[in-house]
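The values are calculated or read from the model by the stated rules, or taken from the named source; none is laboratory data. Just so it is clear, the model here is predicted, and its values are computed rather than measured. Cβ placement follows ideal geometry from the backbone for every residue including glycine, while neighbour counts extend to all protein chains displayed. These area figures cover heavy atoms from the full protein model, side chains too; ligands, DNA and RNA do not enter into them. Shrake-Rupley method; radii C 1.70, N 1.55, O 1.52, S 1.80 Å.
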Amino acid sequence: MMDEGTELSLTIAQIVQRLKGTNLHSQIERQAKECLHRPEIKLESLKDDVRHFLKASGKRMFPTFLCYLFKLCLFMCLSMIICRPPLNSMCTELGVPLARKRPAIEQKELTNKWNEMGTDEPDLSRFRPVYAPKDFLEVLISLRNPNHDSSEEASSKSYWGLVQVPLQVRDIPQMREAYSELCLTSGQLGIDDLTHVPPGESLLMCTELALCPGENSLLSTTFVAQVQNFGSFTYSMSGVKYLWTTHFFLLGQDVLHYNQLKAGVIHHDLLVDKLIYKDVKLTASNDDYYFVFEDYLYQVLLCFSRDTAVLDHFSYNSATPPKSYIQGESRCLGTGCVIPFHGFSMYVAPLCFLYNEPSKLYAVFREMYVRYFFRLHSISSSASGIVSLCLQFERLLQTHLPQLFYHLREIGAQPLRVAFKWMVRAFSGYLSTDQLLLLWDRVLGYDSLEIVAVLAAAVFAFRAENLMEVTSLASAEAVLADLSTLKVMPLIQIFLFATVI
């Protein structure tokens with residue numbers, strides 16, 4: 001006896017199989033893909049519509065069938081984000097290979113312009129981002145635990161938010177204990193560096209202690225742990241460059257590996273390269289802070305797409321790497337097999353302010369990705385995963401600012417719809433660079449992305465008075481459109497340690 005979900009999947013597959021190759025199927029699929037970016041399209045409502053239609057009997061008029069078939073295609077396109085690798089369908093649709101060996105002339109041209117790739121203007125009009133953060137959010141909203149009985153919840157507040165997965169997240173008292181170094185009485189870069197700091201305060205001591213070893217000294221595991229602990233407080237920005245490489249144990253190990261990856265870029269062209277070019281052009285190249293680093297972004301991201309060492313993170317990631325075959329040899333595609341989504345290049349851009357050597361820039365970015373950033377666009381139950389961060393954000397907001405949360409919910413401006421794009425990019429592209437690096441310092445120091453959700457809630461708390469006056473999602477987004485003037489550490493400290501419980 002098949003359950004409802006299995007029966008629905010089989011029915012969908014049968015309908016699509018019968019229509020494949022027909023002009024009707026092509027037209028509906030094309031229109032469905034164009035509608036994916038409309039805010040009114042919701043995955044869960046599409047799923048319900050399809051289920052109700054397929055269970056209905058009797059009057060099935062042809063126009064009604066087309067309407068529901070259109071919704072079916074929309075549902076399938078959205079579901080495809082997490083159900084199957086989209087590169088195969090893209091290369092079939094565009095008639096391009098997943099991977100190919102570059103001709104000798106093309107290899108020579110790429111070698112000569114390696115440091116000037118930003119001047120290249122390839123035709124990218126046929127290529128589009130695989131998905132955007134708002135598409136991914138729709139998938140997360142649709143997640144449900146079939147074994148969880150929501151009637152057991154003690155509080156109706158659990159139903160206010162969009163994320164309905166029953167994961168454990170910390171409340172503010174637990175966070176105060178975990179982030180005790182961020183209390184209002186501790187010296188913090190981002191606050192105390194703007195005023196006179198008396199000699200001997202922790203702000204100066206952390207800098208001196210963290211920089212005491214010579215760059216060629218043998219680093220012990222104990223020292224690396226101490227450096228991580230210093231990140232809980234923070235240090236002068238002049239020490240960030242050294243401390244981050246120390247934190248990742250990367251001193252003097254990166255040039256050879258980078259050159260090997262560079263050779264791979266020069267020898268082979270991947271479909272994912274076009275997606276990288278497209279993403280950089282759409283995001284970092286149009287950013288006032290990062291457009292000057294366009295060449296660095298191409299160098300780092302193209303090398304990243306060939307790094308099979310990144311595959312190790314799939315042992316604790318729910319994603320499955322796509323593969324291509326070149327002359328019988330299995331080759332992974334897309335960033336240790338990570339397919340870049342819209343905004344992916346913004347994980348790299350802020351690091352360009354710290355490192356002017358591509359090899360070191362690449363090494364630090366790779367470590368940041370496999371330790372932290374991959375969790376922002378993959379589904380897991382990790383406390384630093386994007387599902388937990390969304391739930392953490394909503395719980396903090398609805399527990400400590402219930403009137404604001406309820407008001408926004410009632411006018412159709414669910415807070416997560418605004419904050420999700422900040423969290424999925426760890427605020428890159430939204431905060432000023434110096435403030436963003438202060439936030440990422442704490443991510444390293446506490447070895448957790450949880451602080452990202454705290455900052456998102458703190459931003460809403462800071463703009464609460466204005467948000468209580470808005471009457472639509474558009475006006476709420478306008479109030480929160482510019483975060484470039486915000487100071488990260490005061491917001492986090494006040495929200496965690498000055499909030500009345």
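Give me the one-decimal nm value for the distance between modelled label points at LEU143 and ARG128, 7 Å along each residue's Cα-to-Cβ direction.
Once both label points are built, they end up 2.6 nm from each other.
Give me the net charge of HIS342's neighbourhood, meaning all other residues with Cβ under 11 Å from the Cβ of HIS342; Lys, Arg count +1, Asp, Glu -1.
+3
Given a cut-off of 27 Å, name the pairs among LYS278/LYS487; LYS108/LYS281; LYS113/LYS134; LYS101/LYS134; LYS101/LYS278 whose C-alpha atoms lie farther apart than that in the structure shown.
LYS278/LYS487; LYS113/LYS134; LYS101/LYS134
Give me the net charge of PRO133's neighbourhood, meaning all other residues with Cβ under 11 Å from the Cβ of PRO133; Lys, Arg count +1, Asp, Glu -1.
Taking every Cβ under 11 Å from that of PRO133, the sum is +2.
Roughly how many Å² is the accessible area per residue of segment 445-501, as a whole number, for a 1.4 Å probe?
Accessible area per residue, segment 445-501: 41 Å².
Given a Förster distance of 22 angstrom, what is the FRET efficiency for ASP312 paired with GLN260, based on the Cβ-Cβ distance and rounded to 0.05?
So the FRET efficiency works out to roughly 0.85.
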